[in-house]
Amino acid sequence: MNSIKTVFLMTLMFVLFLFAGNMLGGQGGMMIAFVIALVMNFGSYWFSDKIVLKMYRAKPLDRNSAPKLFSLVENLTVRAGLPMPKLYAVDDPTPNAFATGRNAQNSAVVVTTGILRILNTEEIEGVLAHELAHIKNKDILIGSVVATFVGTISFLVQMAQWAYFFGRGGNDDDNWIASLLMIILAPIIATLIQLGISRSREYLADESGARFAANPLGLASALEKLSTANQIKGVSHSEPATAHMFIVNPLSGRSFMKLFSTHPPIEERVRRLRGMKI
C-alpha cells in the first residue's frame, strides 16, 4: 500500500509542476516544468532522506560516541528482524526523533540530544522501537517523499503568488484566477496528505514498537515527556513539510491549530499503549 501511495504522490507532484509551468509560461513553461519535475521525482526517491538529514544538521553517531544507543538499537533490530540502521543525532535540547531512508537496508534513525538527557533507558528504548517500527512497516520512504512533496507545494504557492500579482496587472483573467486557486487549494491539499499519511501510521508504529520493546509503558511515558517538552519549545529548524516524520509534532511550541496536527492526540496514543497486553 505504501508503494502505491509513493507512486501516487510522485505522479501528483509531476502533474502539479506541469500545471504551474503552463500557468506561468505556457507551452515553454510546461517544458521547463517537465524537466524540473523529473529532477524533483528522481531526487525525492534517491536523496530525500539526505536532504532531511542535512536540513536538521544531523551528525552521524558511532559505537564509541553513543554506546548505549547502539546497544539498544542492536537488541531491538534483532527482535524486529531488521538490519542495523545508521544512527544520527541532532544537537537540540528539545527531545524528539524520526526515521528516514528508502528502505530497511538504507535507513537511518535520528534522535535529538535532548532525548538522551530527559528520557530514562526504558523510555529511550520505546522511542527507538517506535522508529524501527516505521522502518519495518515501510513508512520511511513515503514519509520522506511527503516531506519533499509538501516542500514542493510551498515552492509552487510562491510562484503562484507572483503569477497572481502580475496576472492581475494585465488582462489574463485565466492566469490570475488559476493562480488564486493554487494559492488557496495547494496548502490544503498538502496538509490533507500529511494528515492521511501520518496519523494512522503513528498508531501502528506505537503498537509495533511496543511489541519490539516488550514494554508499552516505556513508550507511553516517553510520549508524555516528549509532548510536554515540544509544547514548551519546538525543535530548531523544524518545518511543516517535515513535521509528520517526528514521533511527536516538533512544531507544537509554535502551533495553535491542533485540528490540523500531523499527529494523533498524545492522550489517545498513551491510552492505547497503557491498555496493551504484551
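Odds and ends about this structure:
- Cβ crowding within 10 Å ranks SER48, SER71, SER208 as SER71, SER208, SER48, fewest other Cβ atoms first.
- Segment LYS54-VAL15, length gained on full extension (0.36 nm per residue, minus Cα span): 11.3 nm
- The ranking of HIS130, HIS263, HIS237 from fewest to most other beta carbons within 10 Å of each one's beta carbon is HIS237, HIS263, HIS130.
- Residue-wise HN-Hα coupling along region 99-116, computed from phi with Karplus coefficients 6.51, -1.76, 1.60 (Hz; x: Gly, Pro): 10, 8, x, 7, 7, 4, 6, 10, 10, 8, 10, 10, 10, 7, 5, x, 4, 5
- Under 12 Å, Cβ to Cβ, from ALA213 - net charge with Lys/Arg +1 and Asp/Glu -1: -4
- Links that overshoot a 27 Å alpha carbon limit, given the list LYS59/LYS277; LYS233/LYS277; LYS54/LYS138; LYS86/LYS138; LYS136/LYS277; LYS59/LYS138: LYS59/LYS277; LYS233/LYS277
- Ranked by how many other Cβ atoms sit within 10 Å of their own Cβ, fewest first, the residues ARG272, ARG79 fall in the order ARG79, ARG272.
- Pairwise FRET efficiency - ILE278 versus GLU224, Cβ, R0 = 25 Å, nearest 0.05: 0.85
- Backbone N under 20 Å from the ASN64 label point (7 Å along Cα→Cβ), restricted to region 89-119: 89-90
- Remark: relative contact order (region 32-135) = 24 percent; criterion is Cα-Cα distance under 8 angstrom and separation of 6 or more residues.
A short reminder: the numbers here are calculations on the coordinates, not readings from a lab. Only a predicted model underlies this, so the values are computations on that prediction, with no experimental measurement involved. Note that each Cβ is placed from the backbone with ideal geometry, even for glycine, and that neighbours are counted across all protein chains shown.
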